[in-house]
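Read the figures in this text as sums done on the coordinates, not as results from a lab. Computed from a predicted model, the values in this text were never measured in an experiment. Quick reminder, even Gly has a Cβ in these numbers, built from the backbone with ideal geometry, and neighbours come from all protein chains shown.
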Amino acid sequence: MGLFTPVLVFSAQNNGENRADFKTDDNDYLGNTFHIEELLARLNVIIKRSKEDTPIYIDAFGLYLDENNKTVTNDNVVHDLTPIEYMLLRLFLLNPNQLFTKSKLIESLYELDFDPSSNVLEVYISRLRQKIGKQRIVTRRNQGYLFKNGV
């Protein structure tokens, strides 16, 4: 992966003749007279663009979670994740060997009211196990779920 550095060029020339040389998708240009509001606006655009283009990965236990594309790579196989699967896996990867009760997971996943007697969480856990390996998410009866390095 290459290094990406956004560039904002300041020029002593104000006539814009060099503007075309610097105006690319990743760079921007300002002449010698500008308003601070324009500078701040252009910096915000550059920062936003660089965040959108920069891939963010969580690399743990042989799994690669791509946070931009909401995919997980396991044994060189890329799996698409549903939003709930993504949130569950991210929570597990960031908190390995931590026991989560069913109610704590539901609370972490849903901001709205959710029926804890439903088996929706178990369905998502099952689908996630199929993608990352059954041994990685351990069920502790009457306690909750635990993510382990199951390799």
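Among the listed pairs K102/K134; K70/K131; K102/K148, none has a Cα-Cα distance over 20 Å.
Seen from F92, the other residues with C-beta closer than 10 Å to its C-beta sum to a net charge of +3, counting Lys and Arg as +1 and Asp and Glu as -1. For region 127-132, the Karplus equation 6.51 cos²θ - 1.76 cosθ + 1.60, evaluated at θ = phi - 60°, returns couplings of 5, 5, 4, 5, 8, 10 Hz by residue, with Gly and Pro reported as x.
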